[in-house]
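Report on one structure; see the data block that follows.
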Amino acid sequence: MAILIFKLGGALCVMIAAIGLGESKASTLGRRVHHLQLFQQSLGLLVTEISYAHSILPLAFQRVSRQVASPVKELYSRAAERLIAGHDSCARLAWEGAVRQVGTRTCYTEGDLEVIKALGVSLGESRKEGQLTQIELTAKRLEFLLHEAQGDRTRNERMWRYLGLLGGAALVILLL
Amino acid sequence: MFLPPAIREIMARSTLPLWTGLEEIRLRLNRPLALHGPLGALFLNPEGQSVPAERAYRPTREDLTRALALISNFSIYAFEQELRSGYLTIPGGHRVGLCGRAVLEEGKVTALTDISGLNYRIAQGIEGVALPYVEQLVIFSELRPANTLVVSPPGCGKTTFLRDLARCLSDGVPGRGIPGFKVAIVDERSEIAGCFQGLPQLRVGNRTDVLDACPKVEGMMMLLRSMAPQVIVTDEIGSPEDVLAVREVIRAGVSLVASAHGSNLARLEERPQLGMLLMEKVFERVVLLGRSQGVGTVEKIFDPRNREVFYQPAGD
């Protein structure tokens, strides 16, 4: 009797772990979409700051960071901190540094991070039209990534959930 | 803080009193680093020692790029207008002049690229230069500042005098029966108040409003309509449009304090627009500045309408 209870307990643990793993994989897909949408939203705010408010870059970053949710919030606030501290010789390096620091805590893929990093190229170094073109280019590339991420989510979210559940069940059968 | 690290380090290494009375730091691409101040022009080597030009440190493209990033706060786009004008104002009211390749569109400069030279002009913000003369520049019977024209050749302290006069009129001089007036400054080239992000970096008085980087004519009209000033202060008048705006200001019952290039009244009268204003007896006081006792010496204060002299140093 005690052995049976022990086995059932073990099986339950395996099932919970497998379902959790599947759920985590599935939610990563959803969060990637959400994080990309947040970054897309932040680009609109950045355009407003540069185009209409004529805010200097550290201030523009601070203002954007106040208006978006995590983790994009941290991305902008870290970039602003780096610019204000003056350790980086140009805005590109400050932005890339912030992406490196914050990127690991997000659900962005390597490809997403490359696009986000590319926003920093010539950031603050050209006239307004140049800045807006750069942001627009990033927004377009982001649109493509978002489309891809949404496709991934539709295709694979349910699959990961089932995989977690069925994988757990299979493991339990094998172990029992 | 607004100098590129290499230059900062050179200046930090120097044992010379570089910062005392420093007027200019000139960074020219691949040409000797030069400082201008009370010691004259100095060329510095990487150790911060004063050396002949051929042994001096030569700023690199990296230095200039870094300097531009620092003075623009990594935001060239936010200073397009200033870059077109060829200068930027930084905290402290210091101005950085820029040289490079001008980009033209329809004959007008739209941008400055390939920056090849920067000139950091250190704002001195000398206070008290106008204080001894304020009484001569107020019409006590009407208790208002006189319409005043400050005249001097370039580099004789016109802007410094204007700024200090604005401060004195704004804060008043209680001991001498001069109340504080509502002063408005049209600071087209950000020289009078040295504004950085709209905030005056130099003392211009507690009752002073500053319209920064705004064309004079438009600025005078805007201030007249919106800020109800008692005095409008502006720099370097002389164009036909300026004359129209000056007339408008005077007609509105607002006093005007302005400056103009010139060495004496006769020269001023020869200039068509200023000559016209003098003929119309718009100005009630002319302050002539010179260098006879050093930069910014007040050589004479007089009423151009009847040549009555209010101040002239003894012996002149």
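Structure summary
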read-out: Residue A:138 touching a residue at least 40 places away in the same chain (Cβ under 8 Å) and among the polar types (S, T, N, Q); value: yes
read-out: Any chance residue A:33 is over 20 Å from the mean Cα position of the chain (by Cα) and either surrounded by fewer than 14 Cβ atoms within 10 Å (Cβ to Cβ) or not polar (S, T, N, Q) (or both); value: no
read-out: Condition broken by residue B:89, with the remaining ones in (1) more than 30 Å from residue A:60 (Cβ to Cβ); (2) in contact with a Ser or Thr (Cβ under 6 Å, 6 or more places away or on another chain); (3) part of a strand (DSSP E or B) satisfied; value: (1)
read-out: Every residue from region A:126-159 that is open to solvent by less than 40 Å² (accessible area, probe 1.4 Å) and within 13 Å of chain B (Cβ to nearest Cβ); value: A:126, A:130, A:131, A:134, A:135
read-out: Residue within region B:55-64 that is more than 14 Å from chain A (Cβ to nearest Cβ), assigned to a loop (DSSP other than H, G, I, E, B), aromatic (Phe, Trp, Tyr) and crowded, with 16+ Cβ neighbours inside 10 Å present; value: yes
read-out: Filtered residues of region A:56-111 (kept if within 14 Å of chain B (Cβ to nearest Cβ), at pLDDT 90 or above and part of a loop (DSSP other than H, G, I, E, B)); value: A:56
read-out: Residue match in region A:54-71 (condition: out of contact with any Cys (no Cβ under 6 Å at 6 or more places or on another chain), hydrophobic (A, V, I, L, M, F, W, C), over 20 Å from residue A:139 (Cβ atoms) and open to solvent by 30 Å² or more (accessible area, probe 1.4 Å)); value: yes
read-out: Scan of region B:66-78 for residues that are within 9 Å of chain A (Cβ to nearest Cβ) and touching a residue at least 40 places away in the same chain (Cβ under 8 Å), ordered by number; value: B:66, B:68, B:70
read-out: Options A:90, A:107: the member that is in contact (Cβ under 8 Å) with a residue 60 or more places away in the chain, more than 20 Å from residue A:45 (Cβ to Cβ) and touching a helix residue (DSSP H, G or I) at 6+ places or on another chain (Cβ under 7 Å); value: A:107
read-out: Residue A:123 being within 11 Å of another protein chain (Cβ to nearest Cβ), among the hydrophobic types (A, V, I, L, M, F, W, C) and assigned to a loop (DSSP other than H, G, I, E, B); value: yes
read-out: Odd one out for residue B:81, checked against (1) free of Cβ contacts under 8 Å to residues at least 24 places away in the same chain; (2) within 14 Å of another protein chain (Cβ to nearest Cβ); (3) over 27 Å from residue B:19 (Cβ atoms); value: (1)
read-out: Residue B:118, sole failed condition from (1) open to solvent by 20 Å² or more (accessible area, probe 1.4 Å); (2) under 19 Å from the mean Cα position of the chain (by Cα); (3) of a type in the set (A, V, I, L, M); value: (1)
read-out: Those residues of region B:15-47 which are modelled with pLDDT under 90 and in contact with a Ser or Thr (Cβ under 9 Å, 6 or more places away or on another chain), in sequence order; value: B:16, B:37, B:38, B:39
read-out: Exclusive hit being touching a residue at least 60 places away in the same chain (Cβ under 8 Å) and farther than 28 Å from residue B:111 by Cα, set A:123, A:146; value: A:146
read-out: In region B:77-125, the residues that are of a type in the set (Val, Ile, Thr) and modelled with pLDDT under 85; value: B:103, B:109, B:110, B:113
read-out: Single residue of A:51, A:24, A:55 found to be of a type in the set (S, T, N, Q) and in contact with an Asp or Glu (Cβ under 7 Å, 6 or more places away or on another chain); value: A:55
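The values are calculated or read from the model by the stated rules, or taken from the named source; none is laboratory data. Small disclaimer: the values here were computed from a predicted structure and weren't measured. Glycine also receives a Cβ, built like all others from the backbone with ideal geometry; neighbour counts cover every protein chain displayed. Keep in mind that these areas ignore ligands, DNA and RNA; they rest on the heavy atoms of the full protein, side chains included. Shrake-Rupley method; radii C 1.70, N 1.55, O 1.52, S 1.80 Å.
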